[in-house]
Amino acid sequence: MSLAQDIDAFLAHLRGRHYSPRSVDLYAGDLARLARCAAERAPEALHPQDLRRCLAGLHAQGYAASSLARMLSAWRSFYAWLGRQGRVPANPCAGLRPPKGARRLPHTLSPDEMQRMLGASDAGAPDAPLARRDRAMFELMYSSGLRLAELVGLDLGDLSRDTGEVTVTGKGRKTRIVPVGRQALAALDDWLAVRHQLARDERALFVGARGARIAPRVVQAQLGRLALARGIAQRVHPHALRHSFASHLLQSSGDLRAVQEMLGHASLSTTQVYTHLDYQHLAQVYDQAHPRARKK
């Protein structure tokens, strides 16, 4: 098989494992850059020094360290899959490291901004089915720290109203059970009371105007409209609700391990970025409140 055929087979493998379309697209782009670097060579013909030169060339072209780290991760996953097929004896990406760059902190909304976003409003038609759906979606994302793909993938049976929990299928088809807050449960009850007006034979928890499972782009668009209507200055994307959930929970509890489990992170180091946000918040409080920190 050619490298292009191997890449197509790997992407089909990811789709089979229910990776989100966005994730598959990112893998496809990163592996296309690998194919350009390979210049028609088969994947087993590439050595660590070839891949190192490729990364250096991309870095010289101006690619950010974070982008190169993501590319290298995609290449490493691709070669790990080839190894399981018996195609390569060792992963040539195993010892490679991307260039270091400044670590970007995730964008979060403050508790006051979240209250403004999700608080009741007299504007519009709050009792309309789509308005109830939107409120339930965003309350649930913030209450339980869901990814966009996890939200749109929920079925009716995943929500347990009796226990106040939702079963989430995350990356790699891994499932986790997370609690649902009181206000999110109330919003879900409001939505479920009118859901039948849009869908009858659809098992998805959230549906679009035509009754089929809601599309990710619809969630993104509706959240953007809500943020604009509520006077939030910056652009708000669905992942910001997940970041805000993690940051606010860590600020209140300080329990990093619990936050990791609720987010579904495989590694604690992924969750630790929120400790930086917490320290940033504490530094702001210090600067504003401590007598010795006040500027003259």
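Please treat every number below as a calculation from the coordinates, not as lab data. Since we're looking at a predicted model, the values are computed, not measured. Note that each Cβ is placed from the backbone with ideal geometry, even for glycine, and that neighbours are counted across all protein chains shown.
Couple of notes before you dig in:
- Applying the Karplus relation 6.51 cos²θ - 1.76 cosθ + 1.60 with θ = phi - 60° to the stretch 31-48 yields 3J(HN,Hα) values of 6, 5, 5, 4, 5, 5, 5, 5, 6, 6, 6, 6, x, 6, 8, 8, 10, x Hz, where x marks Gly and Pro.
- Taking label points 7 Å from Cα along the Cα-to-Cβ direction, Ala64 and Ala12 give a separation of 3.4 nm.
- Computed E for Ala35/Arg213 - FRET, C-beta separation, R0 25 angstrom, nearest 0.05: 0.15
- Sorted by Cβ density within 10 Å, fewest first, the residues Ile177, Ile214, Ile7: Ile177, Ile7, Ile214
- Residue (of Leu82, Ala60, Ile7) at the positive-pole extreme of the stretch 3-84, dipole from beta-carbon charges: Ala60
- Contact order, relative form, for the stretch 111-237: 27 percent (alpha carbon pairs under 8 Å, 6 or more residues apart, mean separation divided by residue count).
- At full extension, Gln5 and Ala193 could sit 62.8 nm farther apart than now, given 0.36 nm per residue minus the alpha carbon distance.
- Full extension of the chain segment joining Ser160 with His237 gains 25.0 nm, where the gain is 0.36 nm per residue of separation less the Cα-Cα distance.
- For Val180, the amide hydrogen comes within under 5 Å of the amide hydrogens of Glu165, Val166, counting only partners 5 or more places away or on other chains and with H modelled in the peptide plane.
- Shape call, the stretch 1-110: gyration tensor on alpha carbons, a/c limit 1.5: oblate
- Descending semi-axes in Å of the stretch 111-237, equivalent ellipsoid built from Cα gyration tensor: 21, 17, 15
- For Leu109, distant residues with modelled amide H under 5 Å away: Ser244
- Val236, Val218 arranged by Cβ crowding within 10 Å, fewest neighbours leading: Val218, Val236
- 3J(HN,Hα) from dihedral phi, the stretch 84-98, Karplus parametrisation 6.51/-1.76/1.60, rounded to Hz, x for glycine, proline: 5, 7, x, 8, 10, x, 8, 7, x, 8, 4, x, 8, 10, x
- Here the 3J(HN,Hα) profile of the stretch 193-206, calculated from phi with Karplus coefficients 6.51, -1.76 and 1.60 at θ = phi - 60°, is 5, 10, 4, 4, 5, 10, 9, 10, 9, 8, 8, 5, 5, 10 Hz, Gly and Pro shown as x.
- Amide H to amide H distances under 5 Å link Phe206 with Ile214, where only residues 5 or more positions off or on other chains count and H is placed in the peptide plane.
- Difference of contour (0.36 nm per residue) and Cα-Cα distance, Ala229 to Asp201: 6.8 nm
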